[in-house]
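J.: Sharing a structure here in structure tokens format.
The values are calculated or read from the model by the stated rules, or taken from the named source; none is laboratory data. What you see is a predicted model, and the numbers here were worked out from it, not measured in a lab. All Cβ positions, glycine included, derive from the backbone under ideal geometry; neighbour counts span all protein chains shown.
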Amino acid sequence: MWVYALSPSQTSRWSFVATVGFVNSWLTLLVAAVVCSAMCLAFRQKQKLNVQLAGAVAVLVGVYFVVYDVVSIWDNVYRAFLPLTDFWMASLLLVGVVVLVDSRRNTKI
């Protein structure tokens, strides 16, 4: 169902900003879903969380929300749905980067 949220439904013409929002949704959410699935499969097999994959998922979801917030500044359709999103979700980008950096620092002993 999230595919319906990817394209602006009120306009029949595509602008550059709407295209950036559409591509952002497809790429970041699709890649995040694939990485999250790989993380879940690895966790199920080893019963140990792969912290680097978890950090990568957080970065991808954070990038999605940062780009969505920026695109919503210029596109009225995305701006209409902006109250439905939480701005704190954009902080997942920072959380994911910290998790990735910390996991790499802890593995280099």
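J.: For residues that are at pLDDT 90 or above, over 13 Å from the mean Cα position of the chain (by Cα) and surrounded by fewer than 16 Cβ atoms within 10 Å (Cβ to Cβ), scanning just the stretch 5-41, find the one that is nearest to residue 65 (Cα to Cα).
T.: Of everything passing the filter in the stretch 5-41, 37 is nearest to residue 65 (Cα to Cα).
J.: Hey, another quick one. Restricting the search to the stretch 81-99, which residues are among the hydrophobic types (A, V, I, L, M, F, W, C) and either more than 19 Å from residue 35 (Cβ to Cβ) or touching a Cys at 6+ places or on another chain (Cβ under 6 Å) (or both)?
T.: Matches in the stretch 81-99: 81, 82, 84, 87, 88.
J.: Can you confirm whether residue 61 is buried (at least 19 other Cβ atoms within 10 Å of the Cβ), within 23 Å of residue 20 (Cβ to Cβ) and touching a Cys at 6+ places or on another chain (Cβ under 8 Å)?
T.: No: the conditions fail for residue 61.
J.: Would you say residue 62 is at pLDDT 80 or above and small (Gly, Ala, Ser)?
T.: Spelling it out, residue 62 is indeed at pLDDT 80 or above and small (Gly, Ala, Ser).
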